[in-house]
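The values are calculated or read from the model by the stated rules, or taken from the named source; none is laboratory data. These numbers come from a predicted model, not from an experiment. As a convention, Cβ positions derive from the backbone with ideal geometry for all residues, glycine included, and neighbour counts pool all protein chains shown.
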Amino acid sequence: MVKLLIEAYKTHKNKFESPNYRKNKVWALISCELQKHGFMKYGAKCDEKWRNLRKTYDKVKQNNSKSGHGKTSWEYWDDFHEIYFRDPRFEPLATASSSGIVLKRKIIEESTSNTSEIENHASNAKVSMCSGEKKRKSSLTIKEIVANIQQRHDEKMALKRDMFQWFKDNFKK
């Protein structure tokens, strides 16, 4: 049944991504296909099953990405990886670390194979900030941002030194 569900999902995947179709209607189409093969499932049950399979895929992917964990195998791994290997929910488009380095994943499709390439944008990279669904781009480079942070730190330290000196002078007895 799961193999049929996966195949039906693959055939209707473009409808899930289209704003012209409601997901529950697409699941109803998939349930009709399953009923033709003798599985009496409703659209809501197919959706629930798919969500659970997707959670399992995510858990296996997370486990296999951690070092020190034994590799977990799953019989539907290849099918789900084929569907979700480019999905930003499972493979982020960009990640940022506390060191200020922004990594971007770029998919290059060639006629014979798919490869992914990681670009490392360091000191002169433009930083983009996200706020919910809205994205705004900062015109500052990472060097300028670090310089601004250092300037604010120096100002705070000078203020604290002045306060300490004031307390020292006023509370001498």
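Looking at the structure I just gave you, is Val60 touching a residue at least 60 places away in the same chain (Cβ under 8 Å), among the β-branched types (Val, Ile, Thr) and either closer than 16 Å to His81 by Cα or touching a Leu at 6+ places or on another chain (Cβ under 8 Å) (or both)?
No; evaluated as a whole, the condition is false for this residue.
For the stretch 33-78, name all the residues that are touching a helix residue (DSSP H, G or I) at 6+ places or on another chain (Cβ under 6 Å) and of a type in the set (Gly, Ala, Ser).
Correct list: Gly43 only.
Have a look at Lys55, Lys66 and point out the one that is out of contact with any Lys or Arg (no Cβ under 9 Å at 6 or more places or on another chain), modelled with pLDDT under 85 and surrounded by fewer than 12 Cβ atoms within 10 Å (Cβ to Cβ).
After applying the criteria, what remains is Lys66.
Right, Arg86: within 20 Å of the chain's Cα centre (by Cα) and part of a loop (DSSP other than H, G, I, E, B) or not?
So Arg86 fits the description; yes.
Run Ile142 past the list (1) surrounded by 13 or more Cβ atoms within 10 Å (Cβ to Cβ); (2) modelled with pLDDT of 85 or more; (3) in contact with a helix residue (DSSP H, G or I) (Cβ under 9 Å, 6 or more places away or on another chain) and report the number of the one that doesn't hold.
Going through the list (1) surrounded by 13 or more Cβ atoms within 10 Å (Cβ to Cβ); (2) modelled with pLDDT of 85 or more; (3) in contact with a helix residue (DSSP H, G or I) (Cβ under 9 Å, 6 or more places away or on another chain), Ile142 breaks only (3).
Of the numbered conditions (1) without any contact (Cβ under 8 Å) to a residue 40 or more places away in the chain; (2) among the hydrophobic types (A, V, I, L, M, F, W, C); (3) loosely packed, with under 15 Cβ neighbours inside 10 Å, Leu29 satisfies every one except a single condition; which is it?
If we test Leu29 against (1) without any contact (Cβ under 8 Å) to a residue 40 or more places away in the chain; (2) among the hydrophobic types (A, V, I, L, M, F, W, C); (3) loosely packed, with under 15 Cβ neighbours inside 10 Å, just (3) comes out false.
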